[in-house]
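Novice: My questions will all concern the structure given below.
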């Protein structure tokens with residue numbers, strides 16, 4: 001079989017890239033130091049966010065900056081050493097978050113999001129993985145009238161992109177979630193054509209298992225380096241491998257591999273934590289809920305009620321800090337009758353971010369047959385299948401479903 005290809009990274013993005021390349025006739029090997037779905041894709045909030053037509057800009061309003069600056073907010077925390085280490089990328093992030101630039105970025109970003117559930121549906125049906133997905137939407141809940149008004153504008157903007165939503169008052173929230181303390185909220189949004197996933201890692205593994213069932217290969221090994229000499233030579237902890245094409249889809253670790261090839265992309269990590277809890281006997285949580293003004297997610301998962309924190313700007317190897325999780329847990333216990341934590345130590349992982357809030361999907365600018373798929377920030381789980389489809393179309397020389405210029409690596413080579 002022609003087009004022998006290695007995909008480095010077995011999270012949602014890498015697995016979906018491997019699957020779609022296989023559909024196009026490529027002979028694909030997927031490699032990661034862990035089994036599929038065991039890193040960032042393991043620990044997310046488990047939402048496939050059809051409504052997420054806006055990426056997350058850096059706060060530029062002085063009131064918002066002053067709220068974050070004391071480093072006590074439950075939604076955003078930072079470590080000064082990390083802010084200094086990633087200062088150049090973060091400055092670019094600040095610049096790209098200016099209203100005029102952001103207006104263009106959000107249109108480009110939305111062109112990806114608009115296809116996310118359709119692309120997942122194709123893989124769900126093929127893999128027989130429907131058991132892990134509940135197509136009931138999720139609830140975005142607001143404590144303050146000002147943020148609720150902003151959400152109403154988001155609903156209006158979403159109509160043009162096919163987003164389905166219903167505005168909620170406290171009585172509506174109580175009807176949907178009778179065991180939730182709905183009276184603390186002034187209103188909310190039910191994002192109706194987004195999906196909940198009850199076990200995110202299991203969904204990635206189901207996609208990966210289907211890839212293997214069709215003849216794909218998965219290797220569990222650590223890639224140390226790669227170089228090009230007629231073909232791509234990949235050096236792992238245990239062997240040396242040779243391929244015609246190489247795809248880097250290693251999330252926040254992608255730059256580590258690309259540095260030795262002369263690439264310096266402004267990739268930076270944002271950490272998140274999660275913990276599972278039991279729920280008081282007789283109580284139920286029907287939907288994932290986002291406390292928008294506190295910046296965390298509570299979601300019903302196979303393992304229990306998952307509490308997922310907001311963002312922490314930190315170095316990848318920085319030690320765990322419990323303060324943000326403890327702050328959100330205190331707030332969450334005021335919403336829902338949570339009981340025991342089910343893990344001794346919370347999970348933590350890192351979202352791979354780029355300063356213009358868009359992933360890189362496409363050819364590397366300096367090397368033949370080197371392809372890139374990373375930088376999806378909070379939405380790698382949502383965007384994995386559409387990323388795989390678009391990259392496979394490019395690698396096969398086909399017309400792409402959308403304009404791929406906004407996601408080209410060339411935008412960082414100046």
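Every number in this text was worked out from the coordinates using simple rules, so none of it is lab data. Since the model is a prediction, treat every value here as computed from it, not as a measurement. Glycine gets a Cβ as well: all are built from the backbone with ideal geometry, and neighbour counts include every protein chain shown.
Novice: Along the Cα-to-C-beta direction of residue 333, a point sits 7 Å from the Cα; which residues of region 280-304 have their amide N less than 14 Å from that point?
Specialist: 280
Novice: When a/c reaches 1.5 or more, the comparison of a/b and b/c decides; with that in mind, is region 358-406 rounded, prolate or oblate per its Cα gyration tensor? List each step's numbers first, then the result.
Specialist: Details: a/c = 1.92, a/b = 1.31, b/c = 1.47.
In terms of gyration-tensor shape, oblate.
Novice: Return one number: the angle in degrees, 0 to 90 and rounded to the nearest 10, between the long axis of the Cα atoms of helix 87-96 and the longest principal axis of the Cα atoms of the chain.
Specialist: Rounded to the nearest ten degrees, it is 70.
Novice: Would you give the gap between the C-alpha center of region 145-174 and the C-alpha center of region 184-247, rounded to a whole Å?
Specialist: 33 Å
Novice: Shifting gears a bit: Taking every eigenvalue of the Cα gyration tensor of region 1-150, multiplying by 5 and rooting it, what semi-axes result, largest first, whole Å?
Specialist: Numbers: eigenvalues 236, 89, 56 Å².
They are 34, 21, 17 Å, listed largest first.
Novice: Calculate the FRET efficiency for residue 396 and residue 240 from the Cβ-Cβ distance with a Förster distance of 25 Å, rounded to the nearest 0.05.
Specialist: Details: r = 27 Å, r/R0 = 1.09.
That gives a FRET efficiency of 0.35.
Novice: Continuing with this model, one more query. Would you please give the FRET efficiency between residue 72 and residue 315, computed as 1/(1 + (r/R0)^6) with r the Cβ-Cβ distance and R0 = 25 Å, to the nearest 0.05?
Specialist: Details: r = 20 Å, r/R0 = 0.82.
Taking R0 as 25 Å, the efficiency between residue 72 and residue 315 is 0.75.
Novice: Moving to a separate point now. Counting other beta carbons within 10 Å of each Cβ, put 51, 38 in order, fewest first.
Specialist: Working: 51 24, 38 18.
Fewest-to-most Cβ neighbours within 10 Å comes out as 38, 51.
Novice: Would you mind listing how long region 124-182 runs along its three principal axes, going by Cα atoms, in whole Å with the largest first?
Specialist: 43, 33, 13
Novice: Hey, rough spin-label estimate for residue 85 and residue 405, points 7 angstrom out along Cα→Cβ, what's it come to in nanometres?
Specialist: 3.7 nm
Novice: Moving to a separate point now. To one decimal place, what Kirkwood hydrodynamic radius in Å is obtained for region 271-414 from all pairs of distinct Cα atoms? Before the final figure, lay out each step's value.
Specialist: Numbers: mean 1/r = 0.0563 Å⁻¹.
The Cα-based Kirkwood calculation yields 17.8 Å.
Novice: Using a 7 Å offset from Cα along Cα-Cβ at residue 63, what residues in region 142-160 end up with backbone N under 15 Å from the label point?
Specialist: Residues 143-151 fall inside that zone.
Novice: Hey, another quick one. Using 0.36 nm times the number of residues separating residue 156 and residue 131, minus their current alpha carbon distance, what extension gain do you get? If you can, show how the numbers build up before the last one.
Specialist: Details: separation 25, 0.36 × 25 = 9.00 nm, distance 3.19 nm.
Length gained between residue 156 and residue 131: 5.8 nm.
Novice: Something else now. What list do you get for 293, 399, 118 if you sort them by fewest beta carbons within 10 Å?
Specialist: On the way: 293 18, 399 6, 118 14.
Going from least to most buried by this count: 399, 118, 293.
Novice: Give me the Å³ per residue figure for the convex hull around the C-alpha atoms of the chain.
Specialist: Numbers: hull volume 57.0 nm³, N = 414.
With only Cα atoms used, the chain gives 138 Å³ per residue.
Novice: Next question, about the same structure. Can you compute log10 of I(q)/I(0) for region 230-339 with the Debye formula, treating each Cα as one identical point scatterer, at q = 0.11, 0.13, 0.17, 0.21 Å⁻¹?
Specialist: -0.57, -0.69, -0.86, -1.10
Novice: Taking Cα atoms, how many degrees apart are the long axis of helix 323-333 and the longest axis of the chain, rounded to 10 and kept between 0 and 90?
Specialist: 50 degrees
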